[in-house]
């Protein structure tokens, strides 16, 4: 496995879920049909759950270059049409990274 592969897998899943949510909430209304659009991402969760602890371990053991690479990847993945959503999602992601760094 390449460095950050588990971290990037988690980032991609979160970005896909957030992008779907962004699309659903674009008109500030949610229909049942729209709400069902998150089902494919949620169906991936059981196979992704074992990856979360691996990603945490990978992040903790990563060097500065690998962490920067993962953060750059996240910034690319969290690129949304709605700038307000993008700013909020990136702020939350940044906070998670900061908290994770403090807990090491």
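If the condition is being more than 10 Å from the chain's Cα centre (by Cα), surrounded by 14 or more Cβ atoms within 10 Å (Cβ to Cβ) and modelled with pLDDT under 85, then the stretch 1-18 contributes 3, 4.
Number of residues in the stretch 19-54 that are in contact with a helix residue (DSSP H, G or I) (Cβ under 7 Å, 6 or more places away or on another chain) and assigned to a loop (DSSP other than H, G, I, E, B): the value is 1.
When 70, 95, 91 are checked against the criterion of being within 19 Å of residue 4 (Cβ to Cβ) and either assigned to a helix (DSSP H, G or I) or modelled with pLDDT of 85 or more (or both), 70 stands alone in meeting it. If we scan the stretch 57-66, do we find a residue that is part of a loop (DSSP other than H, G, I, E, B), more than 17 Å from the chain's Cα centre (by Cα) and at pLDDT 85 or above? Yes, that holds for at least one residue.
Residue pairs whose Cβ atoms lie under 9 Å apart, separated by 6 or more positions or on different chains, with the first residue in the stretch 7-19 and without any contact (Cβ under 8 Å) to a residue 24 or more places away in the chain and the second surrounded by fewer than 18 Cβ atoms within 10 Å (Cβ to Cβ) and assigned to a helix (DSSP H, G or I), do not occur. Does residue 45 qualify as being surrounded by 17 or more Cβ atoms within 10 Å (Cβ to Cβ) and out of contact with any strand residue (DSSP E or B) (no Cβ under 8 Å at 6 or more places or on another chain)? Taking the combined requirement at face value, the residue does not satisfy it.
The values are calculated or read from the model by the stated rules, or taken from the named source; none is laboratory data. Every value quoted in this text rests on a predicted model; they were computed, and no experiment measured them. Reconstructed Cβ throughout: ideal geometry from the backbone, glycine too, with neighbour counts over all protein chains shown.
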